[in-house]
Amino acid sequence: NLSRIRNNNYMFNLASIKKKNICIIGLMGSGKSIIGKDLSKHLDFRFYDTDKEIELNTKKSINLIFKEEGETHFRKIEEKICLELLAYDNCVISLGGGSIINKKIRKLIKLNSYSIYLKVKIDNLLNRLKSSHKRPLINRSQNKKEILENLYKNRSKFYEKSDLIINNDFDKFTVLAEIKSKLKLYEK
């Protein structure tokens, strides 16, 4: 188990904080995949996006799963995939926005993961999501803002318990620099 990763004279030690991985949480459009991918490269960790893993596993798009089998079925698949990934070592995991509502997933995040919540203003999320057709929870509605506000209201109490809360209303370079500076506290 390599819990010490060396990259450019930088060493981040997950074992020092008794964690196995880093997970990134937040609402859809908050930048979890983009930030997660870049952070994993910086740390030389593997990267997983739970939504992508669900699509690979089921050989269906998330939209199609929602359409054919409904949200409840999707959440069962999501739970299985998330619990599997959250048991991995030395990786960055971008979790689907709604996975945090699952108690088993939250418990495993707390146990195994250093969690980073990417907090974004609703208007910025709306702007980022306006041309996206991959978001079944907002695609079928005219009032996307109201849906995002309700999702935030229902999930924020879980998001706010993260180890690190980062405002991601800025460009990714600013956000990554802030995350990296916070992680330097755990260098060994």
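The values are calculated or read from the model by the stated rules, or taken from the named source; none is laboratory data. Predicted, not measured: the structure shown is a model, and the values here were computed from it. Glycine gets a Cβ as well: all are built from the backbone with ideal geometry, and neighbour counts include every protein chain shown. Quick note on the areas: whole protein, heavy atoms, side chains included, nothing else; ligands and nucleic acids left out. Shrake-Rupley method; radii C 1.70, N 1.55, O 1.52, S 1.80 Å.
Some points to look at:
- Pairs where the first residue, in segment 76-104, is closer than 22 Å to Val120 by Cβ and among the hydrophobic types (A, V, I, L, M, F, W, C) and the second is outside any helix (DSSP H, G or I) and open to solvent by 10 Å² or more (accessible area, probe 1.4 Å), C-beta under 7 Å, 6+ apart: Val92/Phe45; Val92/Phe47; Ile93/Tyr48
- Selected residue (criterion: nearest to the chain's Cα centre (by Cα)) from residues of segment 158-178 that are part of a helix (DSSP H, G or I) and closer than 14 Å to Ile100 by Cβ: Tyr159
- Any chance Gly36 is at pLDDT below 90 and under 17 Å from the mean Cα position of the chain (by Cα): no
- When Leu151 is tested against the conditions (1) at pLDDT below 90; (2) part of a loop (DSSP other than H, G, I, E, B); (3) surrounded by 18 or more Cβ atoms within 10 Å (Cβ to Cβ), the lone failure is (2).
- Residues of segment 49-63 that are in a helix (DSSP H, G or I) and surrounded by 14 or more Cβ atoms within 10 Å (Cβ to Cβ): Thr50, Asp51, Lys52, Glu53, Ile54, Glu55, Thr58, Ile62, Asn63.
- Some residue of segment 86-99 being β-branched (Val, Ile, Thr), in contact with a strand residue (DSSP E or B) (Cβ under 7 Å, 6 or more places away or on another chain) and open to solvent by less than 50 Å² (accessible area, probe 1.4 Å): yes
- Asn124 satisfies every condition listed in (1) modelled with pLDDT of 90 or more; (2) open to solvent by less than 70 Å² (accessible area, probe 1.4 Å) except (1).
- Residue satisfying condition, being closer than 28 Å to Phe66 by Cβ, buried (at least 20 other Cβ atoms within 10 Å of the Cβ) and in contact (Cβ under 8 Å) with a residue 40 or more places away in the chain, within set Leu27, Leu43, Leu14: Leu27
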